[in-house]
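I have placed the structure first, in the form of structure tokens, so that the comments after it can refer back to it.
The values are calculated or read from the model by the stated rules, or taken from the named source; none is laboratory data. Everything quoted here is computed from the prediction, not taken from an experiment. So basically every Cβ, Gly included, is an ideal-geometry build from the backbone, and we count neighbours across all protein chains shown.
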Amino acid sequence: VFCQIAQAPEDPILGVTVAYNKDPDSSKLNLGVGAYRTEEGKPLVLNVVRQAEQKLVNDPTRIKEYLPIVGLADFNKASAKLIFGADSPAIQEKRVATVQCLSGSGSLRVGGEFLARHYHQKTIYIPDPTWGNHPKIFTFAGLSVKTYRYYDPSTRGLHFKGLLEDLGNAASGSIVLLHACAHNPTGVDPTIDQWEEIRQLVRSKQLLPFFDSAYQGFASGSLEADAKPVRMFAADGGECFTAQSFAKNMGLYGERVGALSIVCKTSDVASRVESQLKLVIRPMYSSPPLHGACIVSTILNDSNLYNEWTIELKGMADRIISMRTQLLEALQAKGTPGDWSHIIKQIGMFTFTGLNAEQVGFMRKEYHVYMTSDGRISMAGLSTKTIPHLANAMHAAVTS
Ligand code: PLP
Ligand code: TYF
């Protein structure tokens, strides 16, 4: 058996790191994967995470029992509060079913499979472009994936007209995936006024909104501002799905901690929805991991740690924003042809540079700069020290 099995290709994003690791050049730069790095190029464990872990380790009552299928109750409550807001009517009316899942990816997968089993419409509209894992997650969950226009390469901004047209033409009831903030890979988000128009269209066509919130706090540095679009939808009384990740905003990547929340019409519906989510989760992985949920719960439920977290989070967001300014200034100083102002207009972890696959290939070969073939660079992988090298590579790519 398996003698004929084909070698699978590397993942388009994670494969960039594989190639980077094999490169012996000392000037190499990995701007592929969206993972935060310090100014020294090192992964960062937040100080509040260390403190929470100390508290957990020093507590002799902590045991390693299985969590329930739906995960840690205190974590679930605090996660819903974080994304929907403490004063959210949906939470107060107990209309939200929240289950702890394996980070953002697992939350999307569980939500997708729940919809494939229990929702009358099996089509999900995802933005074009979107995070490369989205179409795969939803297809394997049993949904049928279509796209809506999102990005306009000619303006390097939102294709708002195309978005409204495509969602306007979607069959009533279709599911719509929306990036809550810091759209990956484009770094282009709708304005609040545009979100309001999207919300009205979604509700008038009875589309079902499914938010992917992987960057709360990372876009603007404010947890509240980045949750605004989700809160607009959660506050209008209609249904809303949200997949939350703590990978980036708490730096808990490998702990795989996240949550799926489903806002329902009544508390009775929410409790039946939760009972069905358990039937999705049990045969998939039985129950979620304990450690990451305890860390998040400790931080979110302690006002001192929470405040410290918001400061550290803002520090990460601000460093990324400062990388944007520095990169733009470096290109302008070199007189690199073209308008590069989108570098500071886009938000979140990534800049969608507009460089094409050939230029990306050139930069990898000649400058050992690694990024995804769509021209996305992770701003979090840059530092003041490495920006000149990137600017040289980009300048050469567009002038050679
Ligand atoms: N959704 C988007 C848009 C992302 O960019 C990511 C990670 O990069 C995820 C979801 C999920 O990540 P994780 O499963 O590590 O939470
Ligand atoms: O950089 C990105 O867009 C993501 C990062 O288990 C990622 O693909 C990497 C590993 C993982 C989840 C997300």
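Please go through the stretch 307-361 and pick out each residue that is within 16 Å of ligand 2 (Cβ to nearest atom), polar (S, T, N, Q) and part of a loop (DSSP other than H, G, I, E, B). Correct list: Gln346, Thr353.
Among the residues of the stretch 18-34, not a single one is at pLDDT 95 or above, within 16 Å of ligand 1 (Cβ to nearest atom) and farther than 30 Å from Leu390 by Cβ. When each of Gly238, Gly217, Gly221 is tested for being outside the structural domain of Arg324 (by TED's automatic domain parsing) and within 16 Å of ligand 1 (Cβ to nearest atom), the lone residue that passes is Gly217. State all residues of the stretch 348-359 that are more than 28 Å from Asp212 (Cα to Cα) and either surrounded by 22 or more Cβ atoms within 10 Å (Cβ to Cβ) or within 16 Å of ligand 1 (Cβ to nearest atom) (or both); if no residue qualifies, say none. None; the set is empty.
Working only within the stretch 362-374, note down all residues that are assigned to a loop (DSSP other than H, G, I, E, B) and either more than 16 Å from ligand 1 (Cβ to nearest atom) or out of contact with any helix residue (DSSP H, G or I) (no Cβ under 8 Å at 6 or more places or on another chain) (or both). Reasoning before the result, please.
Within the stretch 362-374, the subset assigned to a loop (DSSP other than H, G, I, E, B) is 368, 371-374.
Residues satisfying the conditions are His368, Ser373.
Note on the stretch 299-329: among residues that are of a type in the set (S, T, N, Q) and farther than 15 Å from Gln51 by Cα, the one that is surrounded by the most Cβ atoms within 10 Å (Cβ to Cβ) is Gln326.
The residue pairs whose first member lies in the stretch 356-379 and is within 19 Å of Ser27 (Cβ to Cβ), whose second member is within 12 Å of ligand 2 (Cβ to nearest atom) and assigned to a helix (DSSP H, G or I), and whose beta carbons are closer than 8 Å, counting only pairs six or more residues apart or on different chains, are Tyr370/Val16; Tyr370/Thr17; Met371/Val16.
Residues are listed down the side, and each one gets a yes or a no for (1) aromatic (Phe, Trp, Tyr); (2) away from ligand 2 (no atom under 16 Å from the Cβ); (3) modelled with pLDDT of 95 or more:
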residue	(1), (2), (3)
Leu207	no, yes, yes
Ser220	no, yes, no
Ala225	no, yes, yes
Arg231	no, yes, yes
Cys240	no, yes, yes
Gln244	no, no, yes
Lys265	no, yes, yes
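The single condition from (1) at pLDDT 95 or above; (2) away from ligand 2 (no atom under 16 Å from the Cβ); (3) of a type in the set (A, V, I, L, M) that Ile137 fails is (2).
Only one of the numbered conditions (1) in contact (Cβ under 8 Å) with a residue 60 or more places away in the chain; (2) surrounded by 14 or more Cβ atoms within 10 Å (Cβ to Cβ); (3) under 29 Å from Arg37 (Cβ atoms) is violated by Val280, and that is (3).
Conditions (1) outside the structural domain of Gln244 (by TED's automatic domain parsing); (2) surrounded by fewer than 19 Cβ atoms within 10 Å (Cβ to Cβ); (3) away from ligand 1 (no atom under 16 Å from the Cβ), marked per residue:
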position	(1), (2), (3)
Ala52	yes, no, yes
Lys55	yes, yes, yes
Gly85	no, no, yes
Cys101	no, no, no
